[in-house]
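The values are calculated or read from the model by the stated rules, or taken from the named source; none is laboratory data. Remember, it's a predicted structure, so these values are computed and weren't measured experimentally. For neighbour counting, all protein chains shown are included, and Cβ atoms are generated from backbone atoms with ideal geometry for every residue, glycine included.
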Amino acid sequence: MSETFTGLHEECGVFGIYSNVQEDVAAICYYGLFALQHRGQESCGIVVNDRGVMTGYKDNGLINDVFTQRVLADLGLGNIAVGHVRYCTSGSNTRANAQPLIINHIKGSMALGYNGNLVNAAGLREELELSGSIFHTTSDTEVIAYELTKERLTASSIEDAISAAMKRLRGAYSVVMMSPKKLIGFRDPLGFRPLVIGASDNGYVLASETCALDAAGAKYLRDLAPGEIVVIDENGLRSITDNCVDSPRALCVFEYIYFSRPDSVIEGSAVHTARMRAGSMLALQHPVHADVVIGVPDSGLDAAMGYAAQSGIPYGLGFIKNKYIGRTFIQPEQQQRENLVRIKLNVVTDTVRDKRVILIDDSIVRGTTGARIVRLLREAGAKEVHMRVSAPPFLHPCFFGTDVSNRDYLIASHRTVQEMAELMNVDSLGYLDVHSLDMIPDNYHAGLCKACFTGQYPLDISEAPDKMRLEERLTKKI
């Protein structure tokens, strides 16, 4: 996706660190979140735990804008920290919805950050409100926090409270949280969103992706299993698997296609390799005579390399991306959006002039971005433009942590491939076959969520409309 206002966006990234010594855990958390910035660019936050006292800061904006040296210094030293980067797929983009969320209750305090989307959040929220809970945000995170607090009143430990609360949460969730003495991570029983654990010099690190472990100087140990709870404290690390189930896993396939950074490893499979494999399959399924293969930065580049390697057609640098424009870049009026594309992407003219070009992108959601990019190539002198997409047609809404919850936004759901090719002004258009998706990761055989392509959802989504209506109502109040 190459445009902030029409592309597919994931919800967020989480990070947590436990150290056996008092140190600058805020700085370590900062580096981890910086590596996860691609997962959320609207708001961010860090909470530091110093001997049970939690100090946090969060705001709208990018990591390096929000966390100045002074802000990090004010957070102080500690031995536990949790951090979060957010893109709002549920709830509005207000400072109140930034995470991590700090909750003070009769049994103590906790801070948590969350990645995912609860299908039954509306029903849970209504139950909590009727029992007296007062909500200050519109995000699912507060629902999870209150469910944990309710269970903690009678549970013997915070991990027992989590285990009980998980039985009521339905949907996608990977959570990193801390109590006064523990760092805890837990993942939904189907494993929609990734969560990994690494070992640092003085303790352990939890993160959405392995690239954040690298940034924090931690060594990757393993992925949390779907349904698993890991607890880290002064006694080390232990695992609780009461909520792990035998049903097929449902890791979001877009973690391989688009969401994750190419240098990350998800469930043992390198993202870069998976994307190259997708490009290679595209070359076999949709060959075309051409002079050069180019990719749309950034997630289309790896697939373009794979297509070129398989087809024997040279790979070329087709675009230069302005890396200083994030999703917080001011969006102009409709008539000015063409200039925004030119600011973000500039064609390397010598690569495409008088050439038959194969353009690789990771997916097509609304189609407007692709059409503008094709226009740039035509204006730069491309003789032919053949578009290849390293994913199947996006036909169905997602309810598990992306911002496409309405089928009306999906161009492929109401147009044929030929109609889309004409709309985008390409000479041909080809998608990756849906049956090829299971072959993208090289050792993940337990199951992927492909509902956005097939309409076959891995859990009941009957409550999803209630969630959408709730979000619409709450957003209007802000």
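Find the residue count for region 180-196, including only residues that are surrounded by fewer than 24 Cβ atoms within 10 Å (Cβ to Cβ) and closer than 11 Å to Y18 by Cα.
Result for region 180-196: 2.
Restricting to region 374-403, give me the number of residues that are more than 14 Å from K450 (Cβ to Cβ) and either surrounded by fewer than 24 Cβ atoms within 10 Å (Cβ to Cβ) or over 29 Å from the mean Cα position of the chain (by Cα) (or both).
So the answer is 14.
List pairs: first residue in region 144-173 and of a type in the set (S, T, Y), second residue surrounded by fewer than 22 Cβ atoms within 10 Å (Cβ to Cβ) anywhere in the structure, Cβ distance under 6 angstrom, at least six positions apart or on different chains.
If the second residue must be surrounded by fewer than 22 Cβ atoms within 10 Å (Cβ to Cβ), the pairs left are Y146/L128; Y146/S133; T149/H105; S163/D242.
Just to be sure, is N115 within 28 Å of E234 (Cβ to Cβ), in contact (Cβ under 8 Å) with a residue 60 or more places away in the chain and in contact with a strand residue (DSSP E or B) (Cβ under 6 Å, 6 or more places away or on another chain)?
Here the answer is yes, as N115 does meet what is asked.
How many residues are under 18 Å from R261 (Cβ atoms), among the basic types (K, R) and in a strand (DSSP E or B) if we restrict to region 33-73?
0
Working only within region 414-427, note down all residues that are surrounded by 15 or more Cβ atoms within 10 Å (Cβ to Cβ) and either in contact with a His (Cβ under 8 Å, 6 or more places away or on another chain) or not in a loop (DSSP other than H, G, I, E, B) (or both).
Correct list: M420, A421, L423, M424, V426, D427.
Test I358 against the stated conditions and say whether it is at pLDDT 90 or above and closer than 21 Å to T402 by Cβ.
Working: at pLDDT 90 or above: yes; closer than 21 Å to T402 by Cβ: no.
No; evaluated as a whole, the condition is false for this residue.
Mind checking which residues of region 374-418 are closer than 19 Å to D361 by Cα and either of a type in the set (F, W, Y) or outside the structural domain of L429 (by TED's automatic domain parsing) (or both)?
F394, Y409
Restricting attention to region 413-435, and to residues there that are over 16 Å from R372 (Cα atoms) and among the charged types (D, E, K, R), which single residue is farthest from the chain's Cα centre (by Cα)?
Per the stated criteria, the residue is E419.
Could you give every pair whose Cβ atoms fall below 8 Å, whose first residue belongs to region 261-289 and is at negative phi and not assigned by TED's automatic domain parsing to the domain that holds A225, and whose second residue is polar (S, T, N, Q) and in a strand (DSSP E or B), counting only separations of at least 6 or pairs across chains?
These pairs meet every condition: H286/S428; V288/S428.
On the given criteria, is Y114 touching a helix residue (DSSP H, G or I) at 6+ places or on another chain (Cβ under 7 Å), outside any loop (DSSP other than H, G, I, E, B) and farther than 14 Å from G40 by Cβ? Spell out the reasoning first.
Details: touching a helix residue (DSSP H, G or I) at 6+ places or on another chain (Cβ under 7 Å): yes; outside any loop (DSSP other than H, G, I, E, B): yes; farther than 14 Å from G40 by Cβ: no.
So Y114 does not fit the description; no.
Is region 51-66 home to any residue that is under 24 Å from H105 (Cβ atoms) and among the basic types (K, R)?
Yes, because at least one residue in region 51-66 is under 24 Å from H105 (Cβ atoms) and among the basic types (K, R).
Taking the residues in region 237-280 that are part of a helix (DSSP H, G or I) and polar (S, T, N, Q) as candidates, determine which candidate is farthest from I17 (Cα to Cα).
Applying the filter and picking the extreme gives S280.
With the checklist (1) of a type outside the set (F, W, Y); (2) free of Cβ contacts under 8 Å to residues at least 24 places away in the same chain; (3) in contact with a strand residue (DSSP E or B) (Cβ under 6 Å, 6 or more places away or on another chain) in hand, flag the one item V196 doesn't pass.
For V196, the failing item is (2).
On the basis of being over 17 Å from S174 (Cβ atoms), modelled with pLDDT of 95 or more and surrounded by 21 or more Cβ atoms within 10 Å (Cβ to Cβ), does N97 make the cut?
Working: over 17 Å from S174 (Cβ atoms): yes; modelled with pLDDT of 95 or more: no; surrounded by 21 or more Cβ atoms within 10 Å (Cβ to Cβ): yes.
Considered against the rule, which asks whether it is over 17 Å from S174 (Cβ atoms), modelled with pLDDT of 95 or more and surrounded by 21 or more Cβ atoms within 10 Å (Cβ to Cβ), N97 comes out as no.
From the list Q331, Q310, Q285, Q336, exactly one residue is over 29 Å from A215 (Cα atoms), over 27 Å from the mean Cα position of the chain (by Cα) and modelled with pLDDT under 95. Which is it?
Residue meeting the stated conditions: Q336.
Among what's in region 118-139 and is small (G, A, S) and surrounded by 12 or more Cβ atoms within 10 Å (Cβ to Cβ), pick the residue that is farthest from S174 (Cα to Cα).
It comes out as S133.
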